[in-house]
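Just so it is clear, none of the values below were taken in a lab; they were calculated from the coordinates. Computed from a predicted model, the values in this text were never measured in an experiment. Every residue, glycine as well, gets a Cβ built from its backbone with ideal geometry; the counts of neighbours run over all protein chains shown.
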Amino acid sequence: MLIAPASAFCLTWTTAAIGQPVEPPQVVPTVEPASEAAIAAPTPPPPDFAFPEVAPIISDEEFEKAIPQIFAEDDPELNRPLESIADFEKRQAEEAANLGGTASDTPTPAVDGVPIPTLADGDAVEIIGDAPITDSELAAPLPPLESFDVEPVEFAEAEDDRENVSVSYTVQVNGLVPADDSTDVDLADLFGDLSALYDGDGKADNAAMIRARLTADGELMQRILASEGYYDAVVDTRIDRGEREEGQPRQRRPITAVIDVKPGQRYTLADIIINAAPTVPPNLIADNFALAVGEPIVAQRVQGAEAAIALKLPEEGYPFAEVGQRDILLDGATGDGVYTLPVDIGKRSRFGGIETTGDLAFDAEHVAVLARFKRGELYDSRKVDDLRQALVATGLFATVAAEPQPTGESAGDDTEYVTMLVTQQAGPPRTLAASAGYGTGEGIRLEGSWTHRNLLPPEGALIFRGVVGTQEQGLGATLRRSNAGRRDRTFELVAEATRSNYNAFEAITGRVAARVSYDSTPIWQKKFTYALGAELIATSEDDYDFTRGARERDFYTIFGVTGQVGMDRTDSLLDPTKGLRVTALIQPEGSLAGQFSPYARTRLDVSGYYPVTDNIVLAGRVRVGSILGAARERLAPSRRFYAGGGGSVRGFGYQELGPKDPNLDPIGGRSVAEAAFEGRYRFGNFGVVGFVDAGQVYRGSTPTFSDLRFGAGIGARYYTNFGPMRLDVATPIGRKPGEALVSVYVSIGQAF
């Protein structure tokens with residue numbers, strides 16, 4: 001053992017009760033006695049300090065009466081002087097002799113026949129352990145210090161159940177149903193996706209955490225097996241600790257979390273009983289109920305079949321249908337299950353009137369404009385959902401709900417009318433919005449707007465709009481009536497003033513216009529769309545005069561009408577992946593200055609989308625435009641065709657393609673041809689696009705498709721809930737002097 005100086009430390013040992021672990025020895029530091037100089041002495045009071053008088057608790061008379069009276073004359077022993085220890089021992093010996101014995105006659109204590117030494121007063125020496133200590137042993141000299149073992153004391157390692165030790169583990173699942181069994185899903189994969197043990201990646205803060213995960217996974221396995229029809233499954237869990245490798249600490253023994261599974265038999269449907277009144281058509285429930293006799297009782301399929309009935313009945317005229325609580329009777333001997341489902345189909349109904357309540361944004365008459373059903377039509381919950389979505393799309397509500405209410409009014413054919421009750425809670429009608437974009441040649445463009453969406457109910461909005469950019473500035477006001485007499489039909493009155501400063505022209509323009517349109521919306525995409533309008537434009541613009549060899553400013557007054565039709569067979573308005581889209585535009589217009597000069601601007605856009613895989617889409621676009629009936633010089637520069645830029649031919653600056661003046665500034669043309677091809681790859685919320693664009697502007701009214709210019713590039717997409725955000729980088733192929741090497745375009749939405 002190792003002996004340390006007594007002044008350094010001492011060891012204390014705690015004795016434990018039976019059955020309790022013994023605490024290890026603790027090192028307790030001793031405190032050296034302080035020197036007298038270090039002991040603080042009390043400070044005496046000042047000489048003139050007067051202590052306050054303290055009243056006695058009891059009087060002296062009461063104290064004297066409370067203690068017993070001791071009188072020395074009553075007991076002579078009280079007056080005898082104390083004797084010495086030697087006299088006391090001598091007197092004790094004499095008293096023993098007077099009793100007829102001697103001190104030697106007293107039996108000597110012994111253990112196993114060996115006498116125990118006694119002290120002078122006759123007490124025996126204490127025995128340590130089982131061996132008596134004799135006088136010779138006490139007299140023996142101490143062994144030399146060199147003979148002691150001076151190896152340091154080694155303390156035992158703590159057990160591996162310490163709760164603050166990070167541990168590693170593996171997972172072992174035994175007896176699980178193999179993937180090629182009759183189950184429709186791989187139970188091992190399903191368990192792995194949900195397991196807390198697997199989710200921990202084999203690491204835990206302590207052993208208690210492994211035990212908690214194992215317990216949770218045992219319950220999870222039981223639920224998974226029951227959901228697949230194994231109702232008699234037995235799941236046991238345990239932790240196996242492997243052998244400690246040589247040289248490894250004890251707490252590093254490998255740990256395996258083991259789940260033992262005994263699936264038992266799998267229960268199947270022996271009979272299916274649906275308690276429901278007759279429907280119209282008679283097989284409405286049976287034809288839409290997905291379960292069949294003989295298949296395993298799988299919870300997901302059972303719930304899915306019930307949900308299908310709860311969804312189908314309201315779509316076929318039963319708005320108040322309710323699916324009751326199922327009952328499955330299991331036979332443990334045969335593994336059969338008898339499935340019973342009560343269904344209350346309610347009364348078959350037809351649409352009646354519309355009522356509205358709450359904080360109204362508009363009345364029931366306008367709600368009827370948004371509805372796609374008429375009185376007397378068979379109730380269909382899909383049309384109710386569509387109405388609810390249309391109400392939300394107006395942006396006028398904080399909350400809105402549409403629910404059928406029974407009326408008891410007969411509609412014939414064993415049906416009754418239901419009233420659609422629309423509960424409104426109007427929201428804030430005013431909004432602020434802003435957007436930003438950048439394109440090479442166009443520069444930075446910031447746009448902001450203030451809108452009162454319901455200034456003139458119903459849905460009469462007033463919009464103020466402002467544009468600030470490096471090449472365009474403007475202000476405008478729009479009065480817009482949405483859902484004007486018909487769902488998704490819009491009427492607009494516009495007044496605006498803009499200043500444009502492009503390489504092709506510099507213009508100050510005022511415009512007033514009216515337009516009625518039937519357009520697609522993010523909620524309801526139309527197969528066919530149209531727009532009709534008229535506009536009056538007054539603009540001052542400069543143009544290059546080839547006869548004078550300089551740019552000259554002229555004033556144009558233009559009146560025109562607009563007609564546009566569209567066909568859309570794509571699967572998405574903002575991010576299509578398949579289908580075809582066609583738009584045709586015609587704008588007859590003419591100059592009102594001097595002699596009226598009519599002409600017509602026409603344009604055709606076609607785009608198509610083809611999904612190669614779930615993640616890869618091929619997209620293409622073609623645009624052809626022509627101006628008929630006027631020479632280029634008689635057209636205002638802003639009414640001519642241009643090409644180049646982010647929405648046209650990427651790789652070139654805005655309006656850069658086509659005829660140019662001697663200063664290499666574009667002057668526009670009377671016809672245009674463009675084409676674009678993209679390969680879009682999406683992964684999650686991100687995407688990569690490779691593209692090739694082509695296009696050219698021509699002097700004549702008919703595009704010749706000659707001298708096409710090409711641009712190629714790559715783009716990145718970030719997909720949001722309102723559409724993809726776009727960043728494209730492109731370069732011109734066969735770049736000419738004055739053309740940028742790289743063009744960058746940032747915007748919202750796909751290029752087409």
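Karplus-based coupling profile of the range 459-474, in residue order and whole Hz: 6, x, 9, 10, 10, 10, 10, x, 10, 10, x, 5, 10, 8, 9, x, with θ = phi - 60° in 6.51 cos²θ - 1.76 cosθ + 1.60 and x standing for Gly or Pro. Counting only lysines at least 8 places from K736 when in the same chain, those with an alpha carbon closer than 21 Å to its own are K660.
The simple spin-label model puts a point 7 Å past each Cα toward its Cβ; for Q595 and A93 those points are separated by 16.6 nm. Of all beta bridges that DSSP places with both ends in the range 268-344, some 55 percent have antiparallel geometry.
Electrostatic tally near Y318: other residues with Cβ closer than 11 Å to its Cβ, Lys and Arg +1, Asp and Glu -1, net -2.
Rounded to whole numbers, the Karplus 3J(HN,Hα) couplings from phi for the range 600-611 are 9, 9, 10, 7, 10, 10, 10, 9, x, 9, 9, x Hz, using 6.51 cos²θ - 1.76 cosθ + 1.60 with θ = phi - 60°, and x at Gly and Pro.
A protection proxy built from the mean count of other Cβ atoms within 10 Å ranks the segments 640-648, 603-611, 442-450, most packed first, as 640-648, 603-611, 442-450. Label-to-label distance, D614 versus L493, with points set 7 angstrom from Cα along the beta-carbon direction: 5.3 nm. Pairs spanning more than 24 Å between alpha-carbon atoms, out of K347/K383; K383/K526; K347/K526; K526/K578; K203/K262: K347/K526; K203/K262. DSSP bridge analysis restricted to the range 349-426 gives an antiparallel fraction near 55%, rounded to the nearest 5.
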